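See below for the structure under consideration.
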Amino acid sequence: MMEEEELEFVEELEAVLQLTPDVQLAIEQVFPSQDPLDRADFNAVEYINTLFPTEQSLANIDEVVNKIRLKIRRLDDNIRTVVRGQTNVGQDGRQALEEAQKAIQQLFGKIKDIKDKAEKSEQMVKEITRDIKQLDHAKRHLTTSITTLNHLHMLAGGVDSLEAMTRRRQYGEVANLLQGVMNVLEHFHRYMGIPQIRQLSERVKAAQTELGQQILADFEEAFPSQGTKRPGGPSNVLRDACLIANILDPRIKQEIIKKFIKQHLSEYLVLFQENQDVAWLDKIDRRYAWIKRQLVDYEEKYGRMFPREWYMAERIAVEFCHITRTELAKIMRTRAKEIEVKLLLFAIQRTTNFEGFLAKRFSGCTLTDGTLKKPESPPASTNPFLEDEAAPEMEELAMEKGDSEQPKKPKAPDNPFHGIVSKCFEPHLYVYIESQDKNLGELIDRFVADFKAQGPPKPSMDEGGAVLPSCADLFVYYKKCMVQCSQLSTGEPMIALTTIFQKYLQEYAWKILSGNLPKTTSSSGGLTISSLLKEKEGSEVAKFTLEELCLICSILSTAEYCLATTQQLEEKLKEKVDVSLIERINLSGEMDTFSTVISSSIQLLVQDLDAACDPALTAMSKMQWQNVEHVGDQSPYVTSVILHIKQNVPIIRDNLASTRKYFTQFCIKFANSFIPKFITHLFKCKPISMVGAEQLLLDTHSLKMVLLDLPSIGSQVVRKAPASYTKIVVKGMTRAEMILKVVMAPHEPLVVFVDNYIKLLTDCNTETFQKILDMKGLKRSEQSSTLELFRQRLPTPPSGPEGSSSLSLLAPTPEQESSRIRKLEKLIKKRL
């Protein structure tokens, strides 16, 4: 029973002492121990097995038990000591708590005493300062009353003085007094309910009204609407009256300005009436000369009469511009048939000069509808549309800034007066557009006549293909027209001019460029084998002469220049036209036309070289390849092809030096044209003996090397051919070599031959396989069985036993074939 109770006690103790992992970890960190008895996952069985691993170790069991009992007694002693040490802790804690509560009660009592004393002090301060606050309020009210009385005295006296001075027209004193009276009157807005104050306010308003009427009457007397100006000129009275007008209702000021300007420009309306000779466009200078004299006269006589902030001189000039624009528009509508291009441009030029003069002299602050033009910053380029349009100004600006970076250059200085008069010419700019249409037509006709008379240009081989000079002339004229038109208008006339540009870009492309490309002849004039064998250097195989080749390259270079410059022209037109019209500027059709000319030029060069090689390929296909007895040097037809390539390609390359990308296109197109044609003629070489196939393989390798060197052939500077071109040549000529290797392979056994074909050519075309059989010279009966086997083998991939059989073809089993292949390799290595 005792043992059972002990076991139950142990289990209950373990349940109570089951600690959380966090608590157990904290205990291990505070009291680290390596004793297994201190571990949370203590296992009694494992511990006993550790103490007694074998039966022999049970001999000292008594010793182990005694050690454990000793350890238990020590633990009991430690626990007893700790428990006894904690006996008085509770009593000490209660005593400390009671002492803390007593301290808190004492502190609360002291805080309450301090609060009561503070309330008493505040009440004492209020009693002390009650009389002081009353005195402060009295002082503030008394000060306000005195100030108001002073203002009232000043207002009453000021109103009396104002009325008296107004009657005596003492405008100088009134100007200072009126402003002061109005400032004082602002302090009485809160007292307008008092009759006396309201009466004074009404007297001030009446005085202002009387002053305004009196000043207007004085100006009407000094500058009557009908008649001439007062001989004595402006007086100090009117100058002081203007100062008063600044204080009065703004309508008074506007009325004075309006009447003065109307009277000042009344003479202009009489002198330049519609029925006067000086009113027409040819004498437009006289209008601007008249207003310049008037401005000088105004500065001398009336410059000091009006305040500077009125900007009277600028207002006179602006009103003159509005009147002039209206009058010019009216007279041009009446005499529209008399307007000629030179006259119109003359008038516009003089008008824009006058607007520039106004911009230099005035700020434009009186304009209500003036808008500033945004500066343009075109990118750098060599074409005429991107030249510095304001080079001197921008150079000076750069020197002033001392900055090496080129500043953005505007189209023109900001001019708020731009279009203030010249806007009236816009409805008549169709005359200018029609004139430019006619001039451009004549220019194109002259280009055509000059080309026919002078012939094609003689390009220098050192500088690359020459651009036709007419191209630069055309775009320089375009730039002139565009700049001139943009100065006249940035609206619909620019769209009309763009349409004219499009028309003559198309005409230039077709009449000058495409129309002068050499024509290919229909008769090819093929060569016989004997003539081909006798062909020497300088033979007239090429269709185009040296001059014709240079002309094609020149036209190609010109078309490229036109393409790039047309794109820049479109950008410049979009910069100069109104934002709402930008979408209507589109020269993509013209750029496509020049791209077509470039493609046609490249195609002509390719066709010429391709046609020059045709007789050699024809001779190759007509040779008796079954009769070739030994493999020698390259065949004559290969020499002929190389000769034509060396004759044409250096000329084309030198003349397209400035357009390298188009020379690369020429090389790629020639390779894409020549290689398939070579393979086609290769299929015509039938039947072919083993030696003949070896000779053709040697020739094919020679042509491959020449084609790979085509971009730099005959050049002192050797450049690596473009990767895209090299890929085309390697792929095409490797196919030709594979065809010949299949032809050289024995056709028996048939399975090996078919698998060899599929592996080398990866071509599942029955027609191609049929051609190879023809080249080998097989009979129809043999071809039928071979074709049948070929069709059967097509779906089966070259893997497994068939793949191993096809791989075995790489090392031919016949000794004779092996020796011939080695001989062929030696010949190729010798040539390389």
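The values are calculated or read from the model by the stated rules, or taken from the named source; none is laboratory data. In this text, all values refer to a predicted model and were calculated from it rather than measured experimentally. All Cβ positions, even for glycine, are placed from backbone atoms using ideal geometry, and neighbour counts span all protein chains on display. Surface accessibility is based on the protein's heavy atoms, side chains included, excluding ligands, DNA and RNA. Shrake-Rupley method; radii C 1.70, N 1.55, O 1.52, S 1.80 Å.
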Taking R0 as 22 Å and r as the Cβ-Cβ distance between LEU343 and LEU269, the FRET efficiency 1/(1 + (r/R0)^6), rounded to the nearest 0.05, comes to 0.40
Sequence ranges 25-33, 466-474, ranked by mean other-Cβ count within 10 angstrom, highest first: 466-474, 25-33
Pop out the ³J(HN,Hα) list for segment 734-739 in order, Karplus 6.51 cos²θ - 1.76 cosθ + 1.60 with θ = phi - 60°, rounded to Hz; leave Gly and Pro as x. 5, 4, 4, 5, 5, 4
With the dipole of segment 236-324 defined by +1 on each Lys or Arg Cβ and -1 on each Asp or Glu Cβ, the option from ASN246, TYR302, GLN276 whose Cα lies farthest towards the positive pole is ASN246
Calculate, for segment 745-794, the solvent-accessible area per residue in square angstrom, rolling a 1.4 angstrom probe over the heavy atoms of the protein chains. 49
Stretch SER588-ASP282 to full length: gain in nm at 0.36 nm per residue minus the Cα-Cα span? 106.1 nm
Once you sort the root eigenvalues of the Cα gyration tensor of segment 745-794 as a ≥ b ≥ c, which label holds: rounded (a/c under 1.5), prolate (a/b larger than b/c) or oblate (the other case)? rounded
Positive minus negative residues near SER470 (Lys, Arg vs Asp, Glu; Cβ under 11 Å): 0
Take the Cα of ASN60, step 7 Å along the line toward its Cβ, and report every residue of segment 27-54 whose backbone nitrogen sits under 11 Å from that point. 52
Apply the Karplus curve 6.51 cos²θ - 1.76 cosθ + 1.60, θ = phi - 60°, to the phi angles in segment 147-152 and return the couplings in whole Hz, x for Gly and Pro. 4, 5, 5, 4, 4, 5
Read phi for every residue in segment 674-691 and hand back ³J(HN,Hα) as whole Hz from Karplus 6.51 cos²θ - 1.76 cosθ + 1.60, θ = phi - 60°, with x for Gly and Pro. 6, 5, x, 5, 4, 5, 4, 5, 5, 5, 7, 7, 8, x, 10, 7, 4, 5
Within the set of other residues whose C-beta is less than 15 Å from the C-beta of PHE52, count the net charge using Lys and Arg as +1 and Asp and Glu as -1. -3
Want the number for ALA449 to GLU202: 0.36 nm per residue separation, take away the alpha-carbon distance, what's left? 80.0 nm
Here the gain from full extension of GLN624 to VAL237, 0.36 nm per residue of separation minus their alpha-carbon distance, amounts to 127.1 nm
Run the paramagnetic zone check for ARG140: 7 angstrom along Cα to Cβ, then residues of segment 191-206 with backbone nitrogen under 12 Å. none
Checked against the positive end of the charge dipole of segment 601-704 (+1 on Cβ of Lys and Arg, -1 on Cβ of Asp and Glu, about the Cα centre), the farthest of PHE683, ILE651, PRO615 is ILE651
